[in-house]
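Report on one structure; see the data block that follows.
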Amino acid sequence: MTKPRFLASIAAGLLIGGVAAAFAVVWRPAISAIEPPVPQSFDTALVKRGRDLAAIGNCNDCHTLRGGKAFAGGLPVPTPFGTIYSSNITPDPDTGIGRWSEAAFRRAMRSGIDRAGQHLYPTFPYDHFTNVTDEDDRALYAFLMTRPAVHAPARANELSFPLNQRFVVAGWKLLFLRRETYQPDSAQSAEWNRGAYLVEGLAHCGACHTPRNALGAERTSAPFSGGDVDNWHAYAINARSPSPVPWDTEALFSYLRQGWHPDHGVARGPMAEVVSNLSSVQASDVHAVAVYMTSVFGPPTPDRLRQARDLRMQIKSPQGRSSQTNTAGASIYAAACATCHDIDRPPPYGGVNLGLTTAISAPDPRNAANIVLSGIRPVEGERSPIMPGFASSMTDQQIAALLSYLRARFSNQPAWANIEKAVQDARRTETVYLQTSPGPHNAPADLMQRDKP
Amino acid sequence: MMNLKVNGHDHQIDAEPDTPLLYVLREDLKLNAAKFGCGLGQCGSCTVIVDGKAVLSCVTPLLLLEGKQVTTLEGLGTISTPAPIQRAFMEEQAAQCGYCIAGMMMRAQALLQRNPKPTDAQIRAELEPHLCRCGTHMRILRAVHRAAHLMDTAELSPATPGSAR
């Protein structure tokens, strides 16, 4: 054998080996289609459990178009890489998951592969769902397969090459998908473990609250340090939390359950959907989440506790900090905000004192801008906070003046930069949001299904 | 002193910049269509139109209105020549106590200027911030549809009295 020919055969060998290895990484078999199971074949208790689990997983939030049929998909999810449309997870045989076996469903949850063997984009948070137990996947499957089937073909994703090639996702998984399932920590209480299982798994809190790297994967070195979702900032929910008053278990429980807390403010934007779902599940699960998250926040430092105490004193006898030259901001606050936010009436009918709300102490003004523009809609049939939006009566410049006044008066953090730009962005995205959502939707599923699965 | 343009007229207003527009309209200009309901921007009865958009006048300080056009219900039509929106609300008997109706009409007017043929769902979504305790909601819905129709036909014959825009 001559030398060049020897090298060529090595190259050929490497190439074949490489192709085989790539094939092994990328290729996944289809799982045979089944006859759609009849709803009566599922145990009602299992369906009921699946219903609560689906609410904890916030499935309806992405898989239901605003004003559309439940779980029929089609919601555009903007990502830095392009727009991905959520899929139809109703039991429709042609456009949904009607022909998926439980094994196919479990594989999708655990490793992001659809029934036909295609890789799913990680906007579907299977990096968390690997932690979901077989029993819980079975209950979720039973719940989804007993929903009304909706014929709704998938919309084509708007991704550019090479990201529009699904085999690329296999590489992403190789780098970022840890396939081990959640292991309980025997040093902790059963409730803590239940909370950890839910938070790290089905509830996928980190999907929004953990920052992502350049390839869109959660940065495991900075869990819960704050992330971005739509045009909202998902606050840090660890020791770096910007909340002026430190969170404790009872505050977390009450906030996650009713959507607001007098010491912290109101759940808005994507978090409003989350608490709307959590208000409908077993209280014990929400409490477990609160217990676990309290340990993620960690015990507050003496310094933070002192600041919180000072803040409460200051709210009781307000003075100081208001000597500002921002007269436009002060006047707008006096006429448009103070009538609710600066009175003795407690929330939800009075506004949360702005010294307590996280939005004003947050690292950027996005959430505050969103809320000034669009206000807060009351939850139908509930005793809940309400705030008018000011998009029609204030210009970007006026809102920027107001926000800069609020920041200076109600937080001890440095001034925000580029407030006006943030307001412009908020107005632009909020306009899109209002156009694509004819009405609020807060029902986690057909609530009637709860008692009659 | 600040110049405030209301219903096409300029007014010199002597008030603090943080005075709510509603107070100026009712107390200084004696325009009493816009009502004080909650004073918190939660009921909608104080709604007026500012540069084409429905605005809650009780939480809108005067300083935000520099160089803007304010329209109140009085600016749409008169008793003898009511505007289409006013005619429609009368013809459908959409008011019972009437306290919320001026605000309802102003937001409906702003909607119709933007969208001359709104669907039922669009009208419901638009009027969601308005409270009505009497329960004439279905009549209000019909009245907005009727107003849309009246405006449509009024445009065909511009001489019709009360064809306010």
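The values are calculated or read from the model by the stated rules, or taken from the named source; none is laboratory data. A quick note: this is a predicted structure, and the numbers were derived from the prediction, not measured. So basically every Cβ, Gly included, is an ideal-geometry build from the backbone, and we count neighbours across all protein chains shown.
Please pick out the residue among A:328, A:288 that is within 14 Å of another protein chain (Cβ to nearest Cβ) and either among the β-branched types (Val, Ile, Thr) or assigned to a helix (DSSP H, G or I) (or both).
A:328
Output the residue which, of all residues in region A:389-417 that are among the hydroxyl-bearing types (Ser, Thr, Tyr) and in contact with a Phe, Trp or Tyr (Cβ under 8 Å, 6 or more places away or on another chain), is nearest to the other protein chains (Cβ to nearest Cβ).
Residue satisfying both the conditions and the ranking: A:405.
Residue check: is residue B:101 modelled with pLDDT under 95 and not polar (S, T, N, Q)?
no
For residue A:100, all conditions in the list (1) modelled with pLDDT of 95 or more; (2) within 21 Å of the chain's Cα centre (by Cα) hold save one; what is the number of the exception?
Result: residue A:100 fails condition (2) only.
Which of the numbered conditions does residue B:42 fail, given that it passes all the others? Conditions: (1) touching a helix residue (DSSP H, G or I) at 6+ places or on another chain (Cβ under 8 Å); (2) at the interface with chain A (Cβ under 9 Å from one of its Cβ atoms).
Every condition holds for residue B:42 apart from (1).
Tell me, which residue of region A:246-280 that is in contact (Cβ under 8 Å) with a residue 60 or more places away in the chain and of a type in the set (Ser, Thr, Tyr) is surrounded by the fewest Cβ atoms within 10 Å (Cβ to Cβ)?
Only one residue fits best here, namely A:280.
Which residues, counting only those in region A:222-239, are outside any strand (DSSP E or B) and either of a type in the set (Phe, Trp, Tyr) or at pLDDT below 95 (or both)?
A:224, A:230, A:231, A:235
Is one or more of the residues making up region B:70-82 touching a residue at least 24 places away in the same chain (Cβ under 8 Å), at positive phi and surrounded by 19 or more Cβ atoms within 10 Å (Cβ to Cβ)?
The answer is no, given that none of the residues of region B:70-82 is touching a residue at least 24 places away in the same chain (Cβ under 8 Å), at positive phi and surrounded by 19 or more Cβ atoms within 10 Å (Cβ to Cβ).
Listed residues A:392, A:404; which is surrounded by fewer than 21 Cβ atoms within 10 Å (Cβ to Cβ), over 26 Å from the mean Cα position of the chain (by Cα) and in a loop (DSSP other than H, G, I, E, B)?
A:392
Is it fair to say residue A:112 is within 22 Å of the chain's Cα centre (by Cα) and among the small types (Gly, Ala, Ser)?
yes
If residue B:150 passes every condition in (1) in contact (Cβ under 8 Å) with a residue 60 or more places away in the chain; (2) under 26 Å from residue B:29 (Cβ atoms) but one, which one does it miss?
Looking at each condition in turn, residue B:150 falls short on (2).
Looking at (1) more than 13 Å from chain A (Cβ to nearest Cβ); (2) touching a strand residue (DSSP E or B) at 6+ places or on another chain (Cβ under 7 Å); (3) not charged (D, E, K, R), which is the one condition that is false for residue B:82?
(2)
In the list B:83, B:88, which residue meets the criterion of being of a type outside the set (Val, Ile, Thr), modelled with pLDDT of 95 or more and touching a Gly at 6+ places or on another chain (Cβ under 7 Å)?
So the residue among B:83, B:88 that is of a type outside the set (Val, Ile, Thr), modelled with pLDDT of 95 or more and touching a Gly at 6+ places or on another chain (Cβ under 7 Å) is B:83.
What's the total number of residues in region A:146-178 that are surrounded by 18 or more Cβ atoms within 10 Å (Cβ to Cβ), part of a helix (DSSP H, G or I) and in contact with a helix residue (DSSP H, G or I) (Cβ under 7 Å, 6 or more places away or on another chain)?
Number satisfying all stated conditions: 1.
Please verify whether residue B:71 is β-branched (Val, Ile, Thr) and either in contact with a His (Cβ under 6 Å, 6 or more places away or on another chain) or over 25 Å from residue A:332 (Cα atoms) (or both), treating the condition exactly as stated.
When the stated conditions are applied, residue B:71 does not pass them.
Residue by residue, here is whether (1) crowded, with 24+ Cβ neighbours inside 10 Å; (2) at pLDDT below 95; (3) of a type in the set (A, V, I, L, M, F, W, C); (4) out of contact with any Cys (no Cβ under 6 Å at 6 or more places or on another chain) holds:
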position: B:39; (1), (2), (3), (4): no, yes, no, no
position: B:63; (1), (2), (3), (4): no, yes, yes, yes
position: B:67; (1), (2), (3), (4): no, yes, no, yes
position: B:93; (1), (2), (3), (4): no, no, no, yes
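Checking residue A:405 against (1) under 20 Å from residue B:127 (Cα atoms); (2) touching a residue at least 12 places away in the same chain (Cβ under 8 Å): exactly one of these is not met. Which one?
Here residue A:405 meets the rest and fails (1).
Right, residue B:56: at the interface with another protein chain (Cβ under 9 Å from one of its Cβ atoms), crowded, with 18+ Cβ neighbours inside 10 Å, under 15 Å from the mean Cα position of the chain (by Cα) and not β-branched (Val, Ile, Thr) or not?
Answer is yes for this residue.
Which condition breaks for residue A:426 when tested against (1) within 14 Å of chain B (Cβ to nearest Cβ); (2) under 26 Å from the mean Cα position of the chain (by Cα); (3) outside any loop (DSSP other than H, G, I, E, B)?
(1)
If you go through region B:1-19, how many residues are within 14 Å of chain A (Cβ to nearest Cβ), surrounded by 15 or more Cβ atoms within 10 Å (Cβ to Cβ) and assigned to a loop (DSSP other than H, G, I, E, B)?
The qualifying residues number 4.
How many residues, within region A:6-64, are among the polar types (S, T, N, Q), free of Cβ contacts under 8 Å to residues at least 12 places away in the same chain and closer than 17 Å to residue A:147 by Cβ?
2
Exactly one condition in (1) away from chain B (no Cβ under 13 Å); (2) part of a helix (DSSP H, G or I) is false for residue A:338; which is it?
(1)
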